[in-house]
Amino acid sequence: MGGKGGVHMKKIPMRQCTGCNERREKKELIRIIRTPEEEIIVDFTGKKNGRGAYICNSVECLQLARKKKSLERSLKTTIPEAVYQELEEEMRHGGDR
């Protein structure tokens, strides 16, 4: 009948961090999106509509991404200072989601 035994492994979605460029499970990363209205927001649900970029939950990765402007390249737009501040705040204090 085909197939590989009875074990059905669910494929884990992997995404690349725009800071360190490592691939990690999507749920370990923070998603930043550019909405169709050109607004940049941090999407903690991972389900909002828009062009997304991912970053590790790490201030080091955020600083790397900021220095390399990799978030801006991924989202094809300028990232407002407030978004970087919100991300850093979240990373340092691990706000309630």
Original post:
Considering amide H positions built from the backbone, and no H for Pro or chain starts, which residues 5 or more places from Asn57, or on another chain, come under 5 Å of its amide H?
Top reply: Ile30
Original post:
What is the helix-to-structure angle for 59-68, meaning the angle in degrees between its Cα long axis and the longest Cα principal axis of the chain, kept from 0 to 90 and rounded to the nearest 10?
Top reply: 70
Original post:
So which GluC sites (Glu not before Pro) in segment 1-80 end up in coil per DSSP with only 15 or fewer other C-beta atoms within 10 Å?
Top reply: Glu22, Glu37, Glu38, Glu39
Subject >> Given charges at beta-carbon only (K, R positive; D, E negative), |dipole| of the chain in Debye >> reply: 720
Original post:
Of Lys11/Lys69; Lys26/Lys67; Lys11/Lys67; Lys10/Lys68, which ones are farther than 29 Å apart at the Cα?
Top reply: Lys11/Lys69; Lys11/Lys67; Lys10/Lys68
Original post:
Cα convex hull of segment 14-93: how many Å³ per residue?
Top reply: 79
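Pick out, in residue order, every one of the chymotrypsin sites (Phe, Trp or Tyr not before Pro) in segment 5-91 that is DSSP loop and has at most 15 other C-beta atoms within 10 Å; say none if there are none.
Of the chymotrypsin sites (Phe, Trp or Tyr not before Pro), the ones in loops of segment 5-91 whose Cβ has at most 15 other Cβ atoms within 10 Å are Phe44.
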**OP:** Would you work out which of Pro13, Leu64, Tyr84 lies farthest towards the positive end of the dipole of the chain, given +1 charges on the beta-carbon of Lys and Arg and -1 on that of Asp and Glu, about the Cα centre?
**Re:** Pro13
Original post:
By how many degrees, between 0 and 90 and to the nearest 10, does the Cα long axis of helix 81-93 differ from the longest principal axis of the chain?
Top reply: 60
Subject >> Mean residue ellipticity (222 nm) of the chain, computed from DSSP H runs ≥ 4 via -39,500 (n - 2.57), nearest 500 >> reply: -8500 deg cm²/dmol
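Read the figures in this text as sums done on the coordinates, not as results from a lab. Computed from a predicted structure; not experimentally measured. Reconstructed Cβ throughout: ideal geometry from the backbone, glycine too, with neighbour counts over all protein chains shown.
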